Amino acid sequence: MLGSFRAMKASIARLTQSRNQSGQVFISYRSKYNSQVSDLKNYLESGKFPGGQPKKVRYFPPGSLSDEIMTEHRRWQIVSMIDRYISPANEVWLYETDDYYDSWWTLAELATLDYQRRSGYEADQKIPKSLKIFNPKTKTVHDAPDDYLPVLSNQQVKRIARWYANCDAGSGGPEGVTHIRRIAQIPLIGRLKYFNDHVWSKEFWEYPVLECANPKCKTIGQHKNHFNVDDFLWTRGQGFYHITPKEMKTSIKSGKIQCPNCKAIYQFKEAVYPHYQWMPLRMGRPTGPDGTSLIKLPTYIRL
């Protein structure tokens, strides 16, 4: 067992080293502008940008993450991965298009930056040394104002920490969720707030969240970087709709799902390659439901 622990620790160390060498600059942008951001990356890496020196750049091309209709757990699993790649960067560049703030994912990157500053990264000198805003129309860049990032409350910092602790593939253990749910059924103990937290709920793990793309319906980015952090954290408010697994099964027959607010119709299908959740062994026995170790997760892709 000790040998397995050492091997796991060495593997994690190699992954961390790889991430720390992934780029001096991290670019946050909307994926539809991938071609333009690729050009910016080349300029930065070649040192051609005015007043610049060659810099190694990291950004996620379309398809590197996911375009599925995700559960809350899946969303925060991916954001936790983004957090790991942002933290070693010396600079973060925001590719500020007119629709930059319309994406939950770009807002997630902004929230992540303030989370890092509020949760001890600064003491370890792991936060980006500078935050820059790139204007694609004028091809110019300037430092972001000091009050640019959303200011997370202590409660919001704790909430992100809990999301990360239970969603990050490097630290979260799905087998623990089943255990927590069992404890929650015990009288008196089950009344404790911790055991009834949303992070343990089936809704968090199993309900896909439809994010409407209609600007008249989706309101979270209307105030740009001054967005409602609680609505972001809980994917709530107009434009976000949590769908039960039963509703998804009904909708899959037609391959369509409708936004209940603006009535926009979205086509979707089941993914050819679904996600799987591995449940580790404990005392030589599988920890998954019905004695399984590999659970197939329903996965849906928007067309």
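For this structure, a couple of remarks:
- In summary, residue 220 fulfils each of the numbered conditions (1) surrounded by fewer than 18 Cβ atoms within 10 Å (Cβ to Cβ); (2) of a type in the set (A, V, I, L, M, F, W, C); (3) assigned to a loop (DSSP other than H, G, I, E, B) with the single exception of condition (1).
- So residue 257, is it at pLDDT 90 or above and surrounded by fewer than 15 Cβ atoms within 10 Å (Cβ to Cβ): no
- Filter result (modelled with pLDDT of 90 or more and either part of a loop (DSSP other than H, G, I, E, B) or surrounded by 15 or more Cβ atoms within 10 Å (Cβ to Cβ) (or both)) within segment 236-246: 236, 239, 240, 241, 242, 243, 244
This table checks each residue for (1) touching a strand residue (DSSP E or B) at 6+ places or on another chain (Cβ under 8 Å); (2) of a type outside the set (Phe, Trp, Tyr).
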site: 218; (1), (2): yes, yes
site: 223; (1), (2): no, yes
site: 233; (1), (2): no, yes
site: 241; (1), (2): yes, no
site: 244; (1), (2): no, yes
site: 249; (1), (2): no, yes
site: 253; (1), (2): no, yes
site: 265; (1), (2): yes, yes
site: 272; (1), (2): no, yes
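- Test: residue 88 is at pLDDT below 95, open to solvent by less than 40 Å² (accessible area, probe 1.4 Å), farther than 19 Å from residue 234 by Cβ and more than 13 Å from the chain's Cα centre (by Cα): yes
- Checked across segment 148-156, the condition of being open to solvent by less than 40 Å² (accessible area, probe 1.4 Å), out of contact with any Gly (no Cβ under 7 Å at 6 or more places or on another chain) and part of a helix (DSSP H, G or I) holds for at least one residue.
The values are calculated or read from the model by the stated rules, or taken from the named source; none is laboratory data. As the structure is a computational prediction, the values presented were derived from the model and not from experiment. As a convention, Cβ positions derive from the backbone with ideal geometry for all residues, glycine included, and neighbour counts pool all protein chains shown. Remember, those area values only see protein heavy atoms, side chains included, never the ligands or the DNA or RNA. Shrake-Rupley method; radii C 1.70, N 1.55, O 1.52, S 1.80 Å.
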